[in-house]
Amino acid sequence: MVETVIHGGTVVGPADSFEGDVAIDGEKIVAVGDSESMPDADRTIDATDALVMPGVVDPHVHIDDMFSFDSYESATKAAALGGTTTYIDFGWQAWTGEMSPWDEDGTLLEGIERKQAKAEDAVVDYGLHAAITREDPAVLDEIEAVVDAGVPSIKLFTAYEIGLQNGFMDRVFGVLADLDAFAVLHTEEATICDDRTAQFQADGKGDSEWYPQSRPDYAEAIAADAAVHMAMEAGCRYYGIHTSCRKSADVLARYRDQYGEELVRAETCTHYTTLEESIYGELRNLPMIAPPIRTADDIEAMFDHLGDETLDVVSTDHCGYTKESKQVANWWDSKFGANALQTNLPVFHDEAVNNRGFSYPFLVRVLSRNPARIFGLSEKGTLDPGTDADVVVFDPNETYTITAEENASEADFSIYEGREVTGRVKQTFVRGELVADDGEIVAENGHGQFCRRESTDWSF
């Protein structure tokens, strides 16, 4: 006897799909196969005409800090409703500056502990990256303790007041290589973006339609080229986040071809696969995201690189902001970022599978299997027996219209407002617990746990 059997659905893995059942007992998947092979269960979930997939693993979100108004309660509820069972947020090295909420500098370990303390009400599981924000040599000695704390991925910026110069990044790459940890990079060439912004400010070009030109695609590509080149010289594994354009994706593909998947991995985000820069004329500052949403050709490039597996992951870069924080006179005064945890799976499924003919196993690879393996979440992103029972029951045929009125996030808008999609999350399980059922949160706050991660082999 087991606790739960999900019966009669199409079970989807990274390589294939088949009609079958999934059995859950406690926090683990205990069997996957045909109905006749399943044990008896206390509860049976009818998944007829639905897909049964591993929960989404989102390795790039911003929660409860200067980049998001969401709490762990609101963000994880949005995640659960959208089929995300694990996400990775950021523990920030405190710094002082215009962007900072802190009055004094701090350490990476303090940033990790600060986020863990905020996560008591989480309903899905979470991990953390550690984000370096200052060129303080002391941080180089701290990284080993960070890795030992279950955080083997270190985020570096090349832009904003927290951007690092190449010389210091080069030192970080060397330390990470020695520890078999890896770097997660936001790459935009800061002097180009800052100079363009200053020009637009001087010329009074505050309308949101000017925004994409302030952070051009070649600025992203230039910075990515320099950063990944340094990482490869150091023998440091490199993960490129929120790849938005053909030029940058081509750079990463070139280094991946030269050095292999075991050293170079990368993601794009759902908005870079579904939206064009004309959205700035339609929604003004609401889709203000960095790097910017770009052109139709860049959308095609994202799918080209996802298709040939030189981009590995589709994330959200979720930021829970409100209209009030976005609807300002000049785009440079707007908060940067948009919410997407609740809509990510339905929107990407509709575009990739329904509109472009990609397979369901492809969906599982880029949303679940690949991020879990890259980021050392061996219990996640899979339906293999013995692993965590993080499962999504997804109706691929239900059509509905996205509206922010359904948001669990603190965000009161959606950049997909009014978009009709086909495919909807019906149930979400996190370690065997039903946390979301037919659009409602049914789990108690606090079910979510911190996931300690280890560096893993990227050859898969």
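Please treat every number below as a calculation from the coordinates, not as lab data. Only a predicted model underlies this, so the values are computations on that prediction, with no experimental measurement involved. Note that each Cβ is placed from the backbone with ideal geometry, even for glycine, and that neighbours are counted across all protein chains shown.
Computed extension gain for Asn445 through Thr44, at 0.36 nm per residue and net of the alpha carbon distance, reaches 141.9 nm. Within the shell of other residues whose beta carbon sits under 11 angstrom from the beta carbon of His186, the net charge comes to -2, with Lys and Arg scored +1 and Asp and Glu -1.
Stretching the chain fully between Glu406 and Ala198 yields a gain of 71.1 nm (0.36 nm per residue, less the alpha carbon separation). Among the listed pairs Lys205/Lys326; Lys77/Lys115; Lys118/Lys426; Lys77/Lys118, a Cα-Cα separation exceeding 21 Å is found for Lys118/Lys426. Its alpha carbons considered, the stretch 279-371 gives a radius of gyration followed by a Dmax of 14.9, 44 Å. Of all aspartates and glutamates in the structure, the ones whose alpha carbon falls short of 18 Å from that of Lys28, not counting any fewer than 8 places away in one chain, are Glu3, Asp40, Asp42, Asp125, Glu379, Asp384, Asp388, Asp390, Glu433. What you get for the stretch 56-374, charging only the Cβ of Lys and Arg (+1) and of Asp and Glu (-1), is a dipole of about 720 debye around the Cα centre. Each of Val57, Val314, Asn355 was scored by the projection of its Cα onto the charge dipole of the stretch 56-374, and the greatest displacement toward the positive side belongs to Asn355; charges sit on the C-beta of Lys, Arg, Asp and Glu. Relative to the longest principal axis of the Cα atoms of the chain, the long axis of helix 138-148 makes an angle of roughly 10 degrees.
Pulled fully out, how much extra length does the chain show between Glu262 and Asp105, if you take 0.36 nm times their separation in residues and subtract their Cα-Cα distance?
Value of the extension gain: 53.0 nm.
Within the stretch 234-264, list the residues whose amide N lies under 17 Å from a label point set 7 Å along Cα→Cβ of Asp457. Answer for this model: 237, 260-264.
Cβ-to-Cβ counts within 10 Å put Glu36, Glu209 in ascending order as Glu36, Glu209, the fewest first. Which percent, to the nearest 5, of DSSP beta bridges fully inside the chain are antiparallel? Looking only at bridges with both residues in the chain, the antiparallel portion is about 45 percent. Put +1 on the Cβ of each Lys and Arg and -1 on the Cβ of each Asp and Glu in the chain; which of Ala266, Pro14, Gly83 then has its Cα farthest toward the positive end of the dipole? Checked the options; the winner is Ala266. Placing dummy labels 7 Å off each Cα toward the beta-carbon, the span from Phe303 to Asn397 is 2.4 nm.
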